[in-house]
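The values are calculated or read from the model by the stated rules, or taken from the named source; none is laboratory data. This structure is a prediction, so every number in the text was calculated from the model and none was measured. As a convention, Cβ positions derive from the backbone with ideal geometry for all residues, glycine included, and neighbour counts pool all protein chains shown.
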Amino acid sequence: MRLHNMQIHSTLSRCASDEMTMERIISEAEKAGLETIGISDHIDNFDPSREQKLLENFSIRDKLCPNINVQIGCEVSQIDKYTIAIDVATAKKLDFVLVASNHYHLSHVENPIDRNPSAYAQHHLKMIEGAIDWGHTTIIPHPFLLAKVRGIDHSAVLASYDKHQLSYVLSKAAKGEVAFELNPRHLGSHPAFFKALVSLGQKVGVKFALGTDAHKPNEIKYNQTDLKTLNQIGVCQEHLLAM
Ligand SMILES: [Zn+2]
Ligand SMILES: [Zn+2]
């Protein structure tokens with residue numbers, strides 16, 4: 001499988017390590033044999049100066065003349081069904097946009113009124129629909145697994161997704177050319193759900209994108225366990241987004 005990693009945070013993301021300079025990221029990705037990588041720094045609030053800062057990643061990349069495909073994007077937080085925290089003009093300038101439809105841990109992101117597994121599952125699907133309707137979303141990162149929501153049973157959330165509704169949302173994503181991220185480090189704990197998701201995705205023609213949400217240099221590459229996990233859930237080249 002030709003590998004890409006579309007979720008890598010540089011030093012522009014406060015949560016990333018100081019070692020995550022563009023230069024280091026590129027050299028690690030080249031060593032790891034990745035063909036394409038995506039720089040996806042956070043945008044959590046509407047902030048023109050932040051957007052400007054992220055756009056500077058283009059000239060930083062160009063100066064380094066990488067031997068691999070290095071795309072400049074962002075990971076933007078979705079605040080509610082209709083609100084994605086980036087100016088459309090900026091989104092259009094980026095190579096790709098990850099719209100995080102489940103950053104429920106942020107205080108300004110709408111949570112369901114009833115904070116139970118089924119309400120979260122319903123809410124997240126509505127958020128994803130909104131991200132597809134927005135029209136500038138490339139990939140939904142860390143979908144379905146609401147790992148950052150505290151105090152709920154994550155297996156119960158996964159069990160709460162209605163099959164028909166899920167299939168409707170996946171078909172809609174396929175039509176809107178929105179891909180879903182598969183992060184082998186998240187899938188491992190719930191292989192059955194993600195195996196079913198990949199198989200449903202294949203039926204409706206939705207694409208998947210690989211990402212590790214790398215915040216440190218050694219998180220950029222895929223190790224043997226990651227590749228085994230991807231193999232286990234049945235993902236292969238033809239299901240992956242061509243970047
Ligand atoms: Zn995120
Ligand atoms: Zn991230």
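Do any residues in the range 37-51 that are touching a residue at least 60 places away in the same chain (Cβ under 8 Å) and aliphatic (A, V, I, L, M) have Cβ atoms under 6 Å from those of residues that are within 16 Å of ligand 1 (Cβ to nearest atom) and assigned to a strand (DSSP E or B), where the two are at least six apart or on different chains, and which pairs are they?
Short answer, once both residue conditions are applied: 37/5; 37/8.
Among the candidates 195, 92, which residue alone is out of contact with any Gly (no Cβ under 8 Å at 6 or more places or on another chain), basic (Lys, Arg), outside any loop (DSSP other than H, G, I, E, B) and more than 16 Å from ligand 1 (Cβ to nearest atom)? Walk me through it before giving the result.
On the way: 195 fails: out of contact with any Gly (no Cβ under 8 Å at 6 or more places or on another chain).
Checking each option against the conditions leaves just 92.
Taking the residues in the range 143-170 that are away from ligand 1 (no atom under 16 Å from the Cβ) and of a type in the set (Gly, Ala, Ser) as candidates, determine which candidate is surrounded by the fewest Cβ atoms within 10 Å (Cβ to Cβ).
151
Let me spell it out: the conditions are (1) out of contact with any His (no Cβ under 6 Å at 6 or more places or on another chain); (2) within 12 Å of ligand 2 (Cβ to nearest atom), and residue 48 meets all of them except one. Which number is the exception?
Condition (2) is where residue 48 drops out.
Within 19 Å of residue 43 (Cα to Cα), of a type in the set (Gly, Ala, Ser), at pLDDT 95 or above and buried (at least 21 other Cβ atoms within 10 Å of the Cβ): does that describe residue 131? Can you show your working first?
Working: within 19 Å of residue 43 (Cα to Cα): yes; of a type in the set (Gly, Ala, Ser): yes; at pLDDT 95 or above: yes; buried (at least 21 other Cβ atoms within 10 Å of the Cβ): yes.
Against the criterion (within 19 Å of residue 43 (Cα to Cα), of a type in the set (Gly, Ala, Ser), at pLDDT 95 or above and buried (at least 21 other Cβ atoms within 10 Å of the Cβ)), residue 131 qualifies.
Condition first: under 25 Å from residue 42 (Cβ atoms), loosely packed, with under 15 Cβ neighbours inside 10 Å and touching a residue at least 40 places away in the same chain (Cβ under 8 Å). Can you find one or more residues in the range 203-216 that meet it?
Checking the range 203-216: at least one residue is under 25 Å from residue 42 (Cβ atoms), loosely packed, with under 15 Cβ neighbours inside 10 Å and touching a residue at least 40 places away in the same chain (Cβ under 8 Å).
Counting only residues that are assigned to a loop (DSSP other than H, G, I, E, B) and within 16 Å of ligand 2 (Cβ to nearest atom), how many does the range 110-144 have?
Going residue by residue through the range 110-144, those that are assigned to a loop (DSSP other than H, G, I, E, B) are 110-116, 135-138, 141-144.
Filter once more, so that each one left must be within 16 Å of ligand 2 (Cβ to nearest atom): 137-138, 141-144.
Within the range 110-144, residues that are assigned to a loop (DSSP other than H, G, I, E, B) and within 16 Å of ligand 2 (Cβ to nearest atom) number 6.
Looking at the range 155-166, can you tell me whether even one residue there is more than 21 Å from residue 234 (Cα to Cα) and hydroxyl-bearing (Ser, Thr, Tyr)?
Yes, because at least one residue in the range 155-166 is more than 21 Å from residue 234 (Cα to Cα) and hydroxyl-bearing (Ser, Thr, Tyr).
Taking the range 171-192, which residues are assigned to a helix (DSSP H, G or I) and surrounded by 21 or more Cβ atoms within 10 Å (Cβ to Cβ)? Explain how you work it out, then say what you get.
Restricting attention to the range 171-192, the residues satisfying the condition of being assigned to a helix (DSSP H, G or I) are 171-176, 184-187, 191-192.
Of everything in the range 171-192, those that are assigned to a helix (DSSP H, G or I) and surrounded by 21 or more Cβ atoms within 10 Å (Cβ to Cβ) turn out to be 173, 184, 187.
If you scan the range 186-199, which residues turn out to be modelled with pLDDT under 95 and in contact with a helix residue (DSSP H, G or I) (Cβ under 7 Å, 6 or more places away or on another chain)?
187, 188, 190, 191, listed by residue number.
Looking at the range 208-227, which of its residues are basic (Lys, Arg) and in contact with a Ser or Thr (Cβ under 7 Å, 6 or more places away or on another chain)? Steps first, answer last, please.
Restricting attention to the range 208-227, the residues satisfying the condition of being basic (Lys, Arg) are 216, 221.
Passing the criteria: only 216.
Against the definition (of a type in the set (Phe, Trp, Tyr) and free of Cβ contacts under 8 Å to residues at least 40 places away in the same chain), how does residue 58 come out, yes or no? I'd like the intermediate steps shown before the answer.
Details: of a type in the set (Phe, Trp, Tyr): yes; free of Cβ contacts under 8 Å to residues at least 40 places away in the same chain: yes.
Against the criterion (of a type in the set (Phe, Trp, Tyr) and free of Cβ contacts under 8 Å to residues at least 40 places away in the same chain), residue 58 qualifies.
Within the group 33, 38, which residue is surrounded by fewer than 14 Cβ atoms within 10 Å (Cβ to Cβ) and within 21 Å of residue 243 (Cβ to Cβ)?
Values: 38 fails: surrounded by fewer than 14 Cβ atoms within 10 Å (Cβ to Cβ).
Being surrounded by fewer than 14 Cβ atoms within 10 Å (Cβ to Cβ) and within 21 Å of residue 243 (Cβ to Cβ) holds for just one of 33, 38, which is 33.
Which residue out of 183, 218 is out of contact with any Cys (no Cβ under 7 Å at 6 or more places or on another chain), modelled with pLDDT of 95 or more, more than 16 Å from ligand 1 (Cβ to nearest atom) and closer than 28 Å to residue 23 by Cβ? It would help to see each step written out before you state the result.
Details: 183 fails: more than 16 Å from ligand 1 (Cβ to nearest atom).
Exactly one residue qualifies, and that residue is 218.
Mind checking which pairs have a first residue in the range 165-181 that is touching a residue at least 60 places away in the same chain (Cβ under 8 Å) and a second that is buried (at least 18 other Cβ atoms within 10 Å of the Cβ) and aromatic (Phe, Trp, Tyr), Cβ under 7 Å, 6 or more apart or different chains?
179/208
For the range 72-88, what are the residues that are more than 14 Å from ligand 2 (Cβ to nearest atom) and touching a helix residue (DSSP H, G or I) at 6+ places or on another chain (Cβ under 9 Å)?
Residues satisfying the conditions are 72, 80, 81, 82, 83, 84, 86, 87, 88.
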